[in-house]
Amino acid sequence: MFHFNKKQKLCSENAIERLFENGQSIVEKPFRLIWVFEGNTDNLFVKTLIVVSKKRLKLAVDRNAIKRRVKEAYRLQKKQLESFLERKNKRLNIAIIYQEEERLDYKCLYEKINLLLTRLMKDLCK
């Protein structure tokens with residue numbers, strides 16, 4: 001239920017390229033979410049890529065800490081997105097890009113991820 005294993009991560013270079021070329025975007029500071037409908041062959045409704053730029057955060061310690069926090073916040077909240085996509089019978093690839101130049105605390109990241117996912121579901125209803 002609350003897993004975030006290798007199958008749920010977006011690893012295919014071709015899929016990542018298609019995502020950044022054809023994807024639609026939502027911005028909610030400090031994140032940018034890019035999404036595109038994809039015909040995943042696995043039985044998954046959403047595949048995710050989490051990006052923290054070296055340009056924004058120079059130290060690997062900071063980048064890794066942000067990635068861990070974002071993964072955990074996303075992992076705890078992705079169930080609502082998965083059930084929404086299951087009802088709509090759609091498959092989705094998303095990239096969550098961190099765009100801040102400083103480390104934010106987990107509570108703030110959790111709230112922003114929640115806002116992003118609800119905005120995404122609203123956009124998908126249109």
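The values are calculated or read from the model by the stated rules, or taken from the named source; none is laboratory data. Computed from a prediction, not measured in an experiment: that's the story for all the values here. With ideal geometry, Cβ positions are generated from the backbone for all residues, glycine too; neighbour counts draw on all protein chains shown. Surface areas here come from the heavy atoms of the whole protein model, side chains and all, with no ligands, DNA or RNA. Shrake-Rupley method; radii C 1.70, N 1.55, O 1.52, S 1.80 Å.
Things to note:
- Solvent-accessible surface of the chain, averaged per residue with a 1.4 angstrom probe and all protein chains in place: 59 square angstrom.
- Surface share of carbon and sulfur [accessible, 1.4 angstrom probe, percent] for segment 25-126: 48
- Two-site label geometry, residue 105 and residue 60: point separation in nm, points 7 Å out along Cα→Cβ: 2.9
- Taking all pairs of distinct alpha-carbon atoms in the chain, Kirkwood radius in angstrom: 14.8
- Greater than 23 Å apart at Cα, pairs in 79/126; 67/122; 54/79; 54/126; 58/122; 78/107: 67/122; 54/79; 54/126; 58/122
- Label sites at residue 125 and residue 25, each approximated as a point 7 angstrom past Cα along Cα to Cβ, lie 2.5 nm apart.
- Charged-residue dipole, Cβ positions (Lys, Arg, Asp, Glu), the chain about Cα centre, Debye nearest 20: 200
- Length added when fully stretched, residue 42-residue 76, from 0.36 nm per residue minus Cα-Cα: 10.1 nm
- Fluctuation leader among 81, 116, 59 - the chain, Gaussian network, Cα springs under 10 angstrom: 59
- Of the residues 104, 118, 10, the one whose Cα sits farthest toward the positive end of the charge dipole of the chain, with +1 on the Cβ of Lys and Arg and -1 on the Cβ of Asp and Glu, is 104.
- Contact order normalised by residue count of the chain, Cα under 8 Å, 6+ apart, percent: 36
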